[in-house]
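Quick notes on the structure that follows.
What follows is calculated from the coordinates using simple rules that are stated; it is not laboratory data. Being a predicted model, the structure only gives us computed values, none of them experimental. Here the Cβ positions follow ideal geometry from the backbone for every residue, glycine too, while neighbour counts run over all protein chains shown.
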Amino acid sequence: MVNNKTPLEVLTSYLGCLNEHEVYRALEHLAEDFRLQFKGGPSLSKSDLAGALGWDTGTRGRVEWHIVSESSAMIAVGGHETNDFLTLLLIEPLPFHSEFQFNGDGLISRQVHDVDWSGASVSDALAPAIAWAAEHAPDELARAYPNEKMLYSEETGRGWVALLRKWKSEAKY
């Protein structure tokens, strides 16, 4: 092991960096060939993840987690994740399960992430805010929702949070 830390120490530090929005420190815990696989969805490389974590920074993402199982090469965790975007839409923290695999250097080489969206519909919750913003804040909507597409960056995350706060305040939602 190059880093002289146990997999649990590496994982704990990594998740702490994510909660503190220290993206580049978090990336130090990942192998160069790291892959994040969303169960039933896309796969991200380490460089792709760096960009996507901007959304978590912009929306103040946070996770609460606990160990489900642990071995020398894999740790499974469960918990809940949320952010200001979801909170403003009144969506409860989302249950998740992640499995982290570690390479011979003690770095995270793979993560399989499964989020339970069964109790939440972002599109349904977001629809009234989009309708309001189209009329009352079209410039802010265009920045947060360019070409009516969700882009996951720090800029769009911050834009959505500001827009949703304005909507809540002015539309009395």
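Across the range 62-72, rounded Karplus estimates of 3J(HN,Hα) from the backbone phi angles (6.51 cos²θ - 1.76 cosθ + 1.60, θ = phi - 60°) give 8, 10, 10, 9, 8, 6, 9, 7, 8, 9, 5 Hz, Gly and Pro being marked x.
Relative to the longest principal axis of the Cα atoms of the chain, helix 154-170 runs at roughly 40 degrees. With respect to the chain, whose longest principal axis is taken over its alpha-carbon atoms, helix 46-58 is tilted by about 50°. Residues S71, S109, arranged from fewest to most other Cβ atoms within 10 angstrom of their Cβ, appear as S71, S109. Here the extension length gained between Y152 and H97 equals 17.7 nm, from 0.36 nm per residue of separation less the Cα-Cα distance.
Counting only the Cα atoms, the range 123-173 fills a convex hull of 66 Å³ per residue.
The count of lysine pairs in the range 14-173 that are at least 8 places apart or cross chains, and whose C-alpha atoms lie under 24 Å apart, stands at 4.
The magnitude of the dipole of the chain, with charges of +1 and -1 set on the Cβ of Lys/Arg and Asp/Glu and taken from the Cα centre, is near 200 debye.
I'd like the Karplus ³J(HN,Hα) series for the range 27-35: coefficients 6.51, -1.76, 1.60, θ = phi - 60°, whole numbers in Hz, and an x wherever there's a Gly or Pro. Once rounded to whole Hz, the list reads 5, 5, 8, 10, 5, 4, 9, 3, 9. Here the residues H21, H136, ranked from fewest to most Cβ neighbours within 10 Å of their Cβ, fall in the order H136, H21.
If one takes the longest principal axis of the Cα atoms in the chain, at what angle in degrees, from 0 to 90 and to the nearest 10, does the Cα axis of helix 7-19 lie? The two axes meet at around 20 degrees. So what is the relative contact order for the range 7-115, in percent, with contacts set as C-alpha pairs under 8 Å and at least six apart? Relative contact order, the range 7-115: 28 percent.
Of the residues W160, W132, the one with the fewest other Cβ atoms within 10 Å heads the list, and the complete ranking is W132, W160. Note on the chain: helix-only mean residue ellipticity at 222 nm, from DSSP H runs of 4+ residues weighted -39500 (n - 2.57) and normalised by residue number, equals -13000 deg cm²/dmol.
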